[in-house]
Amino acid sequence: MAHPRERRPGTRLDRREFLKRTAGTAVALPTLAAILEACSKPGQTPVGGSSANAVGTGGLVVAGSPYPLARQDKPVTWTIFDDNQPIASNLPTETNATLQIYNWDQYVWKKVVQQFCDKYKCDYKITTFNNMDEALAKMRTGQLQFDVFFPTIDILGKMVTAKLLQPLNHDYVPNLPANVWSVYQDPFYDKQWRYTVPYTVYTTGIGYRRDEISDEQIRSMTNPYDLFWDTKYKGRVGLYDDYREAISMTLLRKGILDLNTTDPAQIQQAGQDLIDCLNAVNVRTSINGAYNGLPKDQYTIHQAWSGDIAAAWFYVPKFTMAEYQNNGYWFPQDRVGAVNNDLIAIPKSAQSPVLAHQFLNFMLDYKHAMDNFSWVGYQVPQQKANPDTLTKDISAQGEPYVFPWLSDAVVRETDFTTGKLELELAPDVDSLWHDAWSQFQSG
């Protein structure tokens, strides 16, 4: 098992690379029709039918969509189908099993997984995917059967509609109500947490070199997003190679808080703003610039996920406190910025469903969740994890979970009330976003 310090550039948290590598493609995921067709038997109507209400109630109902789109102000309760019920309570845990885990690369600490296996007398196998396109394609064939899967919010509707996930039996997961933030007791994207539990939480802000831009400078600015257009830093500015994150940043810069906007004028202007950024500072898009490039002084400013910056100290040229202190992170002081979270779920085809439920519960245990946080860099929504002391509490890696000068990278439960999430778009709107991104990419 490689320690984070030993990972080579480009292999860290490849869960993120999906967002960045597929940013310029017109179709990031298999079409819903393809998924539904693959999951239907010959002679049957594809699951979900033509009514979004057959799959879930609430949400944003879009013409032609077989399921509603979850929004923060329009929550969705997904249907539990007659032919896809939760497992019964009080079943014995499978013995001599191999827990089949399907996850992004480097997105769980194997030491924690082994501790689970020691407790439940089982083995484990981690199979990785590079993006959700690949993950869904393999799952819908039925050729590979997994017990645990790590999806993103924006594909949940597709997976429930296609019956690729099994609903959860809450009796096996007492650690969620006992330990997890209240916002996830009934999340808007999966009311009553019928199909998922939360895994990690993060914000999107600005990573910067503190030896070139002081904390006081960036925090005193009226609009710190303007730094991405500042010609003083020409050639040393980076954005994630991700159409949703990059365009969302330009929207926030203009005071537009709907990061799922359907307004063609707003989307087109955001694309033009990115072109202006390219002309002003020769902005670069990167896969690993935030966690790998900034520590190596390849950038002065880079768009950053809080988890990437929290873990950036693993990639400094020399492991000294002076090097650690060169990495900075800014997020709006009013906490009105981009936020999101990842999930854990159980596929319908799981061969060890009781063991899988036990794993979800294990990962929501305070100690195991925090140990995992210390290794992957991405925070966990644990009630006992005091956001005011995460910059002081020493983790399993021997350093604070988040260094004190990176306090903006600490995620708070209230961020999911004040913050804004990038969620699934209707196909025609998604095309508008892709068009704006493509124009930027073409210069």
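The values are calculated or read from the model by the stated rules, or taken from the named source; none is laboratory data. Note that the coordinates shown come from a computational prediction; the quantities given were computed from them, not determined experimentally. Please note: Cβ atoms are built from the backbone with ideal geometry, for glycine as well, and neighbour counts cover all protein chains shown. In case anyone asks, the SASA skips ligands and DNA or RNA and just uses the protein heavy atoms, side chains included. Shrake-Rupley method; radii C 1.70, N 1.55, O 1.52, S 1.80 Å.
Straight-line cross-link reach from K121 at under 20 Å between alpha-carbon atoms covers these aspartates and glutamates, not counting any fewer than eight positions away in the same chain: E94, D147, D365. For K74, the lysines whose Cα falls under 18 Å of its own Cα, not counting residues fewer than eight places away in the same chain, are K158, K191, K420. When DSSP beta bridges are restricted to pairs lying wholly in the chain, around 65% turn out antiparallel.
Select from T152, T77, T95 the residue whose mean-square fluctuation is largest in a Gaussian network model of the chain (Cα-Cα springs shorter than 10 Å). Sorting by GNM fluctuation, first place goes to T95. Among the listed pairs K254/K384; K119/K296; K125/K367, those whose Cα-Cα separation exceeds 29 Å are K254/K384; K119/K296.
Fully extending the segment from M221 to Y366, taken as 0.36 nm per residue of separation minus the present Cα-Cα distance, adds 48.4 nm. Annotation: per residue accessible area for the chain equals 38 Å², rounded to a whole number [probe 1.4 Å, protein chains only].
For the chain, the longest principal axis of the Cα atoms and the long axis of helix 132-141 meet at an angle of about 10 degrees. Of the accessible area of the chain, computed with a 1.4 Å probe over protein heavy atoms only, carbon and sulfur atoms account for 48 percent.
Between helix 243-253 and the chain, what is the angle of the helix's C-alpha long axis to the longest principal axis, kept within 0 to 90° and rounded to the nearest 10? Rounded to the nearest ten degrees, it is 50. Note that region 108-113 has calculated 3J(HN,Hα) couplings of 7, 7, 4, 4, 5, 4 Hz, one per residue in order, obtained from phi through the Karplus relation 6.51 cos²θ - 1.76 cosθ + 1.60 (θ = phi - 60°); glycine and proline are x. Near V354, once Lys and Arg are set to +1 and Asp and Glu to -1 for all other residues with Cβ below 15 Å from its Cβ, the sum equals 0.
Relative to the longest principal axis of the Cα atoms of the chain, the long axis of helix 366-376 lies at roughly 50 degrees.
Inter-label distance, Q269 to A137: 3.9 nm, where each label sits 7 Å from its Cα along the C-beta direction. Take every DSSP beta bridge whose two residues both sit in region 195-326; close to 50 percent of them are antiparallel. Between T95 and T262, the distance separating the two model label sites (each 7 Å from Cα on the Cα→Cβ line) works out to 5.6 nm. The GNM of the chain, with springs linking C-alpha atoms under 10 angstrom apart, assigns the highest mean-square fluctuation among P317, P86, P198 to P317. Amide hydrogen proximity for L165: with H placed 1.01 Å from N in the peptide plane, the residues at 5 or more positions away or on another chain lying under 5 Å are K348. Structure remark: mean-square fluctuation, Gaussian network model of the chain, C-alpha springs under 10 Å; the largest value among V112, V201, V62 belongs to V62. Around the Cα centre of region 315-420, unit charges on the Cβ atoms of Lys, Arg, Asp and Glu (plus for the first two, minus for the last two) sum to a dipole of about 200 debye. Between the listed residues T391, P317, W78, the Cα displaced farthest toward the positive end of the dipole of the chain, a dipole computed from Cβ unit charges relative to the Cα centre, is found at P317. Straight-distance candidates among the aspartates and glutamates for linking to K111, with alpha-carbon spacing under 12 Å and chain neighbours fewer than 8 residues away dropped: D371. For the pair N130 and K110, the difference between a 0.36 nm per residue extended length and the Cα-Cα distance amounts to 5.4 nm. Along the axis of the charge dipole computed for the chain (Cβ charges of +1 for Lys and Arg, -1 for Asp and Glu, origin at the Cα centre), the listed residues Y291, S220, H170 are led at the positive end by Y291.
For S182 and V336, a Förster radius of 22 Å and the Cβ-Cβ distance give a FRET efficiency of 0.60, rounded to the nearest 0.05. Potential lengthening of the chain between N84 and D276 amounts to 64.1 nm, from the contour at 0.36 nm per residue minus the alpha-carbon distance. Backbone amide hydrogens, once placed in the peptide plane, bring V180 within less than 5 Å of Q383, excluding anything fewer than 5 places away on its chain.
Summing charges over all other residues whose Cβ lies under 12 Å from the Cβ of V61, with Lys and Arg as +1 and Asp and Glu as -1, gives +2.
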